[in-house]
Structure formats: structure tokens, C-alpha cells
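The values are calculated or read from the model by the stated rules, or taken from the named source; none is laboratory data. The model shown is predicted, which means the values in this text are computed figures rather than measured ones. With ideal geometry, Cβ positions are generated from the backbone for all residues, glycine too; neighbour counts draw on all protein chains shown.
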């Protein structure tokens, strides 16, 4: 699952029944997530992989992660809040690209 949030861009995958990898393309996003979730989970380097930074957590820890990611939805326009955040601003054009591609898909499949 991809998650575009005000604290970063993440990919969450389940590696086995009780193991999830929360992955990011930059370490700072995961550092912010660990702080927001109030967890002591270390950020692990997977250099050479598609997502070079990860938090590995068990299933019972995942709700803390999701709460940290969804607890900050207090805005009316996602791309505007990203543009206003100096730590996330560099992702605005990528989010515009994603938005544009999904609009194209919607128009072709509506």
C-alpha cells in the first residue's frame, strides 16, 4: 500500500503473517514517522533495494503506525499542505504527477 501523507511517502507490505515493512525512499520520512508514532523502532538501511529505508514491525504495532499517519489529516487540500511544509515540499511535483495520472485513468475507465 502506498501512503502519501503530510509526514512522508511510504509503502507498507506484509512480509509474513506477523511482519510488516514500512518502507520509504528517504530516511527522514521514517524518522518523522517513528517520532509521530512514539515508537523506539529503529530505521533500518536496505541499500540497493527499491526502498532503501525501512521500519520493520509486528502486526500489533501496525495500528500505532496507522494512527500516526492518519491522525494528522486536518486539511482541505493535500498538495497545498505538502507545499507549505519545508520538509515535504520537494515531493509536490511527484504528487501532482500521481494525481494527474489517476485523473487520466479515471477518464479512460469511467
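Here is a list of conditions, (1) in contact with a helix residue (DSSP H, G or I) (Cβ under 7 Å, 6 or more places away or on another chain); (2) in the same structural domain as residue 23 (by TED's automatic domain parsing); (3) exposed (fewer than 15 other Cβ atoms within 10 Å of the Cβ), and residue 89 meets all of them except one; can you say which number that is?
(2)
How many residues are surrounded by fewer than 15 Cβ atoms within 10 Å (Cβ to Cβ), farther than 25 Å from residue 41 by Cα and free of Cβ contacts under 8 Å to residues at least 40 places away in the same chain when one looks only at segment 60-82?
Residues flagged as surrounded by fewer than 15 Cβ atoms within 10 Å (Cβ to Cβ), farther than 25 Å from residue 41 by Cα and free of Cβ contacts under 8 Å to residues at least 40 places away in the same chain within segment 60-82 amount to 4.
Please verify whether segment 43-51 includes one or more residues that are out of contact with any strand residue (DSSP E or B) (no Cβ under 7 Å at 6 or more places or on another chain), within 17 Å of residue 1 (Cβ to Cβ) and modelled with pLDDT of 90 or more.
yes
Checking the condition closer than 20 Å to residue 13 by Cβ and not assigned by TED's automatic domain parsing to the domain that holds residue 23, which residue from 82, 65, 98 passes?
That would be 98, the only listed residue that is closer than 20 Å to residue 13 by Cβ and not assigned by TED's automatic domain parsing to the domain that holds residue 23.
With the requirement that a residue be part of a helix (DSSP H, G or I) and surrounded by fewer than 18 Cβ atoms within 10 Å (Cβ to Cβ), what does segment 3-33 give you?
Of everything in segment 3-33, those that are part of a helix (DSSP H, G or I) and surrounded by fewer than 18 Cβ atoms within 10 Å (Cβ to Cβ) turn out to be 27, 28, 31.
Please enumerate the residues belonging to segment 34-58 that are surrounded by 12 or more Cβ atoms within 10 Å (Cβ to Cβ) and outside any loop (DSSP other than H, G, I, E, B).
34, 36, 37, 44, 53, 54, 55, 56, 57
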